[in-house]
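**Student:** Quick one: the structure is below, and I'll ask about it shortly.
The values are calculated or read from the model by the stated rules, or taken from the named source; none is laboratory data. Computed from a predicted structure; not experimentally measured. We place every Cβ from the backbone using ideal geometry, glycine too, and count neighbours over all the protein chains shown. For accessibility, only protein heavy atoms count, side chains too; no ligands or nucleic acids. Shrake-Rupley method; radii C 1.70, N 1.55, O 1.52, S 1.80 Å.
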Amino acid sequence: MTHGDNSGLILPPKIAPIQAIIVPIIFDKSRSEVLEKVNQHINSLSDKVRVEADLRDEYTPGWKFNEWELKGVPIRIEVGPRDVKNEQVVIVRRDTREKTIVKEIELKDTIVKMLDDIQNNLFQRAKEFRDCHTYDVDDFSTFESIMKEGRGFIRANWCGSNECEKSIQDKTTATIRCIPLEEAEPTGKCVYCDEEGKYRVYFAKAY
Ligand SMILES: [Zn+2]
């Protein structure tokens, strides 16, 4: 299951190559303090979190925020001169866009907890999406008309033959996405042919 919104991807923390990206807000006067602080944060976080800092000079912070959002990095950490002075950082969650100010001393615990929270939130969203867009279908004309409108998942009986799946794909572009292990035994015919259904499976169109 992929995740995303209008600003691009949202990577689940468990698989994200970078879980937190630090973007320093740099002014000439405070440059060295801010960069030193960024280093401290990386050192303190890196045993628990896959964290990196975006130190490129040629881009503005705003440009970097957009880029990392697009790439789906779960958490952004902003460090500017005022944050250094107040011993705090600004944290932004990718999934809810929520912005929080966190004391440096609580940074590590907060990030670890937040990554967990984002993971659960995305899992829950995917589950809700699947549940509310799933249709139980027994006949192929209903199957075709639902897929024509491109609406979500169809749960239907399938005889298990590859040719049958291929024909369904040719007619609707939908393919089998998952054969649930815990699903009850199907009772009834394959949604496409006249054979007895062997599996109750989920179909969806490829996008
Ligand atoms: Zn069949």
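**Student:** Tell me the residue from ASP95, ASP117 that is open to solvent by 70 Å² or more (accessible area, probe 1.4 Å) and either on the phi < 0 side of the Ramachandran plot or not aliphatic (A, V, I, L, M) (or both), please.
**Tutor:** ASP117
**Student:** Within region 71-93, work out how many residues are modelled with pLDDT of 95 or more and within 16 Å of PRO61 (Cβ to Cβ).
**Tutor:** 15
**Student:** Also, I was wondering about something else. If you scan region 163-174, which residues turn out to be open to solvent by 20 Å² or more (accessible area, probe 1.4 Å) and within 10 Å of the ligand (Cβ to nearest atom)?
**Tutor:** If the condition is that a residue be open to solvent by 20 Å² or more (accessible area, probe 1.4 Å) and within 10 Å of the ligand (Cβ to nearest atom), then GLU163, GLU165, SER167 are the ones that fit.
**Student:** Let me ask something additional. Do you know which of the residues in region 98-114 that are assigned to a strand (DSSP E or B) and under 18 Å from VAL49 (Cβ atoms) is least open to solvent (accessible area, probe 1.4 Å)?
**Tutor:** The selected residue is VAL102.
**Student:** Quick one: GLY152 ticks every box in (1) more than 16 Å from the ligand (Cβ to nearest atom); (2) under 30 Å from LYS14 (Cα atoms); (3) modelled with pLDDT of 90 or more except a single one, so which number is it?
**Tutor:** That leaves (3) as the condition not met.
**Student:** When the residues of region 176-200 are narrowed to those that are open to solvent by less than 30 Å² (accessible area, probe 1.4 Å) and not hydrophobic (A, V, I, L, M, F, W, C), which ends up modelled with the highest pLDDT?
**Tutor:** Ranking the qualifying residues of region 176-200, first place goes to GLY197.
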